[in-house]
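Shown next, in C-alpha cells, is the structure this report addresses.
The values are calculated or read from the model by the stated rules, or taken from the named source; none is laboratory data. Model, not experiment: these values are computed from the prediction. No Cβ is skipped: glycine too gets one built from the backbone with ideal geometry, and neighbour counts run over all protein chains shown. Areas reflect the complete protein model, heavy atoms only, side chains present, ligands, DNA and RNA absent. Shrake-Rupley method; radii C 1.70, N 1.55, O 1.52, S 1.80 Å.
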Amino acid sequence: MANIKITEERFKKVIGLYFNWKKLNAGIKEDYTRGVNLPEAITEPICCYVNDFYLSLGEGSEDAVVPNTQELVQIKATSNFNRDLTSFGPQSKFSILHFVRLNQDEDKMYLYDIPVENLKKVKVNANETYEEQQLQGRRPRFSIIDKYINVYNIEPYAIVDLNTQEIIRL
C-alpha cells in the first residue's frame, strides 16, 4: 500500500486545482442542470494535510491512514453545503470518518469528524440499515448532513479558506 504525506507544496497545488474545478463546474452549469462532482483528488489531500494523515493510494477502501496508529480513514465530501448523498462501498473498512463540506460562495471547506460507533445502525431507507445493505453487497447511501451533523449538532473542527490557504482550527 502506498501512503503519501501531503506537503505544503502539494496542498497549495490542490487548492489551485480546486479553482480550476470551480471554473469548469460553473461553465458546465451554464448549459446543463448538473455540474461536475468535486473530485476526491482535491478533498482528500486537503483533509490529509489538515490532519497530518497520509493519503492512501493502496488497494484498500480507505482514503487515508493515521501514521502513528495505522488506523484507516474514510473521507467523504459534498460540493453542496446544504445537502449530500454519501455512498459507501460494500467492502468499505475504516475506523475514522471525516466529512468535507464545501461552501463554494465563500471558497471554504468545513471539516467534520463523524462518529462511527453507530454507523452500522443508520437507516438508509425505510427498511434497511447501513450494515444490512453492506451485507447484501450493496452501496449504502445516506446524507451525513441529515443523519449526523444536524441530528447530533456536530460542529466543524477546522475550516480551510481556499482563497488565503489558511487553516482555521476550531
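Restricting attention to region 52-81 and to residues that are open to solvent by 20 Å² or more (accessible area, probe 1.4 Å) and in contact (Cβ under 8 Å) with a residue 60 or more places away in the chain, the residue that is nearest to R141 (Cα to Cα) turns out to be K76. Kindly evaluate T86 against the criterion of being polar (S, T, N, Q), in contact with a helix residue (DSSP H, G or I) (Cβ under 8 Å, 6 or more places away or on another chain) and closer than 29 Å to K13 by Cα. In short, yes.
Filtering region 143-168 to residues that are modelled with pLDDT of 95 or more and of a type in the set (F, W, Y) leaves only Y157. Screening D84, D113, D105 for residues that are open to solvent by less than 50 Å² (accessible area, probe 1.4 Å), of a type in the set (D, E, K, R) and not in a helix (DSSP H, G or I) leaves exactly one candidate, D84.
Whenever a residue of region 8-35 is over 13 Å from S79 (Cβ atoms) and touching a residue at least 40 places away in the same chain (Cβ under 8 Å), its partners that are of a type in the set (F, W, Y) and open to solvent by 30 Å² or more (accessible area, probe 1.4 Å), lying with C-beta atoms within less than 9 angstrom and at least six residues away or across chains, give the pairs E8/Y49; F11/Y49.
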